[in-house]
Amino acid sequence: MRLSRSFLPTLKENPAEAQITSHRLMLRAGMIRQTSAGIYAWLPAGLRVLENIANIVREEQDAAGAQEVLMPTMQSAELWKRSGRYDDYGPEMLRIRDRHERDMLFGPTNEEMITDIFGQVVKSYKELPQVLYQIQWKFRDEVRPRFGVMRGREFYMKDGYSFDLDTASAVDTYRRMMLAYLRTFQRLGVRAIPMRADTGPIGGELSHEFLILAPTGESGVFFDSALEDQDWLAENVDINDRASLEQFFTRMTSFYAATDEMHDTAAWAEVPAARQREGRGIEVGHIFNFGRKYTQSMDIAVSGPDGAPLYPEMGSYGIGVSRLVAAIIEASHDENGIIWPESVAPFKAVIINLKNGDAQCDALCEQLYAAASRAVLYDDRAERAGAKFADADLMGHPWQLIVGPRGAKEGKVEVKNRRTGERTEETLEGALALIAKLQG
Ligand code: 5CA
């Protein structure tokens with residue numbers, strides 16, 4: 001994409017309405033614009049990050065055996081009356097009446113709807129287990145939407161739901177999802193620490209939250225630093241083997257980690273002092289196992305081996321996809337702007353033409369750009385070099401390919417790594433090889 005023709009409206013000044021770094025940087029880097037309280041439009045750079053995150057989430061869900069569906073945002077109140085949550089949910093639920101005076105709502109979550117759909121389709125225990133997920137907009141009428149997309153009213157969530165025959169199988173599914181989550185966050189270039197959590201209005205016993213460390217986080221966290229050193233992508237787990245899943249889960253939960261709500265000072269004292277980490281965290285995911293709460297209340301049964309009706313055990317698994325965009329920025333930025341992990345960056349590299357109109361600079365940049373896919377941005381604006389550098393740092397592209405008149409004369413490109421600040425001089429071939437590698 002040529003920056004001169006793009007819709008990437010960067011701002012030099014800090015917007016007054018933004019209180020935290022990620023919100024400021026998302027506005028300044030032209031990723032989002034607010035359309036009403038807690039509701040945002042995603043502009044091209046923001047949307048690319050949102051979709052990159054969603055795609056990694058999708059790949060790991062699919063690898064864990066979950067299947068993607070897409071449910072509507074609008075739901076009928078009838079469904080929620082069946083589970084008893086229509087009255088319980090409170091003012092966070094946006095209630096709407098249609099022209100026929102039917103009560104509707106904008107879905108804050110989908111346990112009821114997926115359970116109903118499951119019940120229409122699955123009739124026998126032989127069809128279990130099933131894990132279904134979607135990536136869809138949710139609406140919660142938060143009292144105090146704040147910090148931009150971090151706590152929005154409309155937000156993008158991956159919500160998954162599992163149905164198992166018995167508790168042992170439901171626990172396997174929970175553990176499989178736990179691993180998928182750890183792998184997902186690691187691929188997103190952030191460390192999200194799993195912590196035992198309260199289940200709140202979703203219900204159930206077994207629950208973990210995943211928190212990314214950041215001073216602006218809403219929860220206090222206590223954890224063993226050994227959790228930060230694990231490589232979940234290298235973890236050798238056979239996800240179809242109960243013993244292997246158990247071994248992984250036992251090892252993972254052997255490290256202390258809890259939010260302030262669940263903090264246990266006696267267990268904490270047993271963590272070696274050098275490994276005790278205290279701080280604040282942003283909740284980017286939450287998984288729950290709540291047994292038969294919805295299948296029983298909504299009377300959704302399958303026929304068991306002896307023909308008798310059997311209520312499947314359920315779990316639900318959320319990831320805050322739009323919140324993650326902000327959380328990744330909170331965890332990865334410096335005073336000049338965003339530092340995107342390569343896996344989610346809106347553009348993996350920017351070609352910076354330091355002297356537009358100079359025949360040699362233009363020719364070299366065009367040669368690089370001709371080899372580039374949509375993952376590379378070309379700053380071809382008639383701007384000062386300083387302004388181009390500032391925007392490149394602000395937008396956080398992992399690589400900058402800098403072409404100035406002196407280098408262009410010799411066919412040389414300066415390559416800067418945004419994270420390390422390291423600069424190298426490359427030949428045209430070297431720069432083309434980097435572009436090919438980034439796109440590969
Ligand atoms: N039904 C379950 C899991 S599918 C559920 O709704 N879980 S949740 O309430 O914990 O939400 C899942 C994730 O959505 C949270 O971990 C958080 O990352 C994100 N989230 C929740 N509320 C908001 C909000 N107001 N703005 C942005 N993200 C949010």
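Among the listed residues 217, 189, which satisfies the condition of being more than 11 Å from the ligand (Cβ to nearest atom), at positive phi and either open to solvent by 50 Å² or more (accessible area, probe 1.4 Å) or not charged (D, E, K, R) (or both)?
Result: 189 is the single residue among 217, 189 that is more than 11 Å from the ligand (Cβ to nearest atom), at positive phi and either open to solvent by 50 Å² or more (accessible area, probe 1.4 Å) or not charged (D, E, K, R) (or both).
In the range 269-291, which residue that is more than 16 Å from the ligand (Cβ to nearest atom) and surrounded by 16 or more Cβ atoms within 10 Å (Cβ to Cβ) is nearest to the chain's Cα centre (by Cα)?
Ranking the qualifying residues of the range 269-291, first place goes to 277.
Scan the range 154-178 for residues that are outside any strand (DSSP E or B), open to solvent by 10 Å² or more (accessible area, probe 1.4 Å) and either out of contact with any Lys or Arg (no Cβ under 6 Å at 6 or more places or on another chain) or within 8 Å of the ligand (Cβ to nearest atom) (or both) and jot them down. Break it down into steps so the answer makes sense when it comes.
To start, the set of residues in the range 154-178 that are outside any strand (DSSP E or B) comprises 165-178.
Next cut, open to solvent by 10 Å² or more (accessible area, probe 1.4 Å) only: 165-169, 171-172, 175-176.
Matches in the range 154-178: 165, 166, 167, 168, 169, 171, 175, 176.
I'd like the residue in the range 121-153 that is assigned to a helix (DSSP H, G or I) and within 25 Å of residue 105 (Cβ to Cβ) and, out of all such residues, is most open to solvent (accessible area, probe 1.4 Å).
121
Looking only at strands (runs of 3 or more DSSP E) that lie completely in the range 21-119, which have at least 1 residues being open to solvent by less than 50 Å² (accessible area, probe 1.4 Å)?
Hits in the range 21-119: 32-36, 39-42, 74-76, 103-106.
Find all pairs meeting these conditions: Cβ atoms under 7 angstrom apart; at least six residues apart or on different chains; first residue within the range 104-115 and more than 16 Å from residue 315 (Cβ to Cβ) and without any contact (Cβ under 8 Å) to a residue 60 or more places away in the chain; second residue within 10 Å of the ligand (Cβ to nearest atom) and assigned to a helix (DSSP H, G or I).
Matching pairs, first to second residue: 108/92.
Residues that are over 30 Å from residue 346 (Cβ atoms) and free of Cβ contacts under 8 Å to residues at least 60 places away in the same chain: does the range 199-206 have at least one? Show your work before the answer.
We begin by selecting, within the range 199-206, every residue over 30 Å from residue 346 (Cβ atoms); these are 199-206.
Of the ones still in play, those that are also free of Cβ contacts under 8 Å to residues at least 60 places away in the same chain are 200.
Yes, there is a match, as at least one residue in the range 199-206 is over 30 Å from residue 346 (Cβ atoms) and free of Cβ contacts under 8 Å to residues at least 60 places away in the same chain.
The values are calculated or read from the model by the stated rules, or taken from the named source; none is laboratory data. As the structure is a prediction and not an experimental result, all values here were calculated from the model. Reconstructed Cβ throughout: ideal geometry from the backbone, glycine too, with neighbour counts over all protein chains shown. Remember, those area values only see protein heavy atoms, side chains included, never the ligands or the DNA or RNA. Shrake-Rupley method; radii C 1.70, N 1.55, O 1.52, S 1.80 Å.
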